[in-house]
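Trainee: One structure, as structure tokens, below. Some questions next.
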Amino acid sequence: MDVLKQKILSEGKVLSDTVLKVDSFLNHQIDPVLMQEIGKEFAQRFKGFDITKILTLESSGIAPAVMTGLTLGVPVVFARKRKSLTLTDHLYSAEVYSFTKKESNEISISQDFISSEDTVLIMDDFLANGQAVFGMIDILNQAKARIAGIGIVIEKGFQEGGKKIRQQGYHVETLANIAKLSDGNVTFKKEETC
Ligand code: 5GP
């Protein structure tokens, strides 16, 4: 998606060979116009998949997921990372090791919002080693929901997550796939070149 890749090139900050910071439009400040375009793009790519719900992870998955839900006309559920006073039992939970925080979190959703009747699109802001996505797959398996596919805003294709998830047969769509981060530069995968 060219507009996203241009935004990454102009505003992204390469913190190391493995971490990209996109705080000016996705992870801290949010660019609503770009999020709307992202939502339309995912809705187009997953048209005809009979999606009934979107599942994402707080907090950075919420903006692109809500915009996609708006276009597809389906609700968005976000898994919570912290224990909440109002979310205590009747949960589906999974353990997720955070790539950026280097710690394990239990992620949870209420059993009220996803059931075996649902066909779910999993979404997240980044895909690195796949832990977050595998945690959401685990939760959907507990709910016996159908998984329509996985929509990722930025995939770091040099890390293992995308390969592992595709090997398991899931349909993965990414809007910007990064081949390399080095010397402050972002290189996109060949087929993704703008
Ligand atoms: P994974 O679970 O696939 O290893 O990592 C994905 C999760 O870690 C995403 O939810 C995202 O929040 C975070 N993440 C992974 N890599 C990056 C990165 O390079 N930049 C930012 N901002 N977040 C990342």
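Trainee: Given an 8 Å cut-off on Cα distances and at least 6 residues of separation, report the relative contact order of the chain as a percent.
Mentor: 20
Trainee: Just to be sure I understand: with springs between alpha-carbon atoms less than 10 Å apart, which residue in Lys144, Lys81, Lys101 has the highest mean-square fluctuation in the Gaussian network model of the chain?
Mentor: Lys101
Trainee: So, one more: Return the lysines within reach of Lys53: Cα separation strictly under 18 angstrom, same-chain partners fewer than 8 residues apart disregarded; answer none if there are no such residues.
Mentor: Lys40, Lys144
Trainee: Mind grabbing the accessible area of Leu9 for me, 1.4 Å probe, Å², rounded to tens?
Mentor: 90
Trainee: If you project the alpha carbons of the range 82-151 onto the principal axes, what extent comes out on each, in Å, largest first?
Mentor: Taking max minus min along each principal axis of the Cα atoms, the range 82-151 gives 34, 31, 16 Å.
Trainee: Please list 3J(HN,Hα) in residue order for the range 177-189, calculated via the Karplus relation 6.51 cos²θ - 1.76 cosθ + 1.60 where θ = phi - 60°; whole Hz, with x for glycine and proline.
Mentor: 10, 8, 7, 7, 10, 7, 6, x, 10, 10, 10, 7, 4
Trainee: For Ser98, enumerate residues with amide H under 5 Å from its amide H, sequence gap 5+ or separate chain, H modeled in the peptide plane.
Mentor: For Ser98, whose amide H was placed from the backbone, the distant partners under 5 Å are Glu103, Ser104, Asn105.
Trainee: Could you list which residues have their amide H under 5 Å from that of Thr174, counting only those 5 or more apart in sequence or on another chain, with H placed in the peptide plane?
Mentor: The answer is Ile152.
Trainee: Any chance you could check the Cα centroid distance between the range 63-142 and the range 5-48 for me, in angstrom?
Mentor: Centre-to-centre distance over Cα atoms comes out at 19 Å.
Trainee: For the chain, what does -39500 (n - 2.57) per DSSP helix run (n ≥ 4), summed and divided by total residues, give at 222 nm, in deg cm²/dmol to the nearest 500?
Mentor: -8500 deg cm²/dmol
Trainee: Moving on. Rounded to the nearest 10 Å², what accessible area does Glu173 have for a 1.4 Å probe in the complete protein model?
Mentor: Here the residue's solvent-accessible area equals roughly 40 Å².
Trainee: To continue, here is another question. When all alpha-carbon pairs of the chain are counted, what percent fall beyond 22 Å?
Mentor: 44
Trainee: Could you work out the relative contact order of the range 12-85? I mean the mean sequence separation of Cα pairs under 8 Å and 6+ apart, divided by the number of residues, in percent. Spell out each step's value before the answer.
Mentor: Values: 88 pairs, mean separation 19.9, N = 74.
27 percent.
Trainee: Okay, moving on. Tell me the angle of helix 131-142 to the major Cα principal axis of the chain, expressed in degrees between 0 and 90 and rounded to the nearest ten.
Mentor: 20
Trainee: Still on this structure, I have one more. Counting only residues 5 or more places away or on other chains, whose amide H sits under 5 Å from the amide H of Ile147 once H atoms are built in the peptide plane?
Mentor: HN-HN under 5 Å from Ile147: Val120.
Trainee: Report Val14's accessible area, 1.4 Å probe, all protein chains in place, as a number in Å² to the nearest 10.
Mentor: 30
Trainee: With a 1.4 Å probe and all protein chains left in place, how much of the accessible area of the chain comes from carbon and sulfur atoms, in whole percent?
Mentor: Here it works out to 49 percent.
Trainee: On to the next question. Keeping every protein chain present and rolling a 1.4 Å probe, give me the accessible area per residue for the range 71-187 in Å².
Mentor: Value returned for the range 71-187: 48 Å² of accessible area per residue.
Trainee: Also: Under a straight-distance cross-link criterion of Cα-Cα below 22 Å, which lysines are reachable from Lys101, leaving out those fewer than 8 residues away in the same chain?
Mentor: Lys13, Lys21, Lys81, Lys83, Lys156, Lys164, Lys180
Trainee: So if I take the alpha carbon set of the range 19-97, get Rg, then get Rh from the Kirkwood formula, what is the Rg over Rh ratio?
Mentor: 1.01
The values are calculated or read from the model by the stated rules, or taken from the named source; none is laboratory data. For clarity, every value in this text was computed on a predicted model and none was experimentally measured. Side chains included, ligands, DNA and RNA excluded: accessible areas come from the protein's heavy atoms. Shrake-Rupley method; radii C 1.70, N 1.55, O 1.52, S 1.80 Å.
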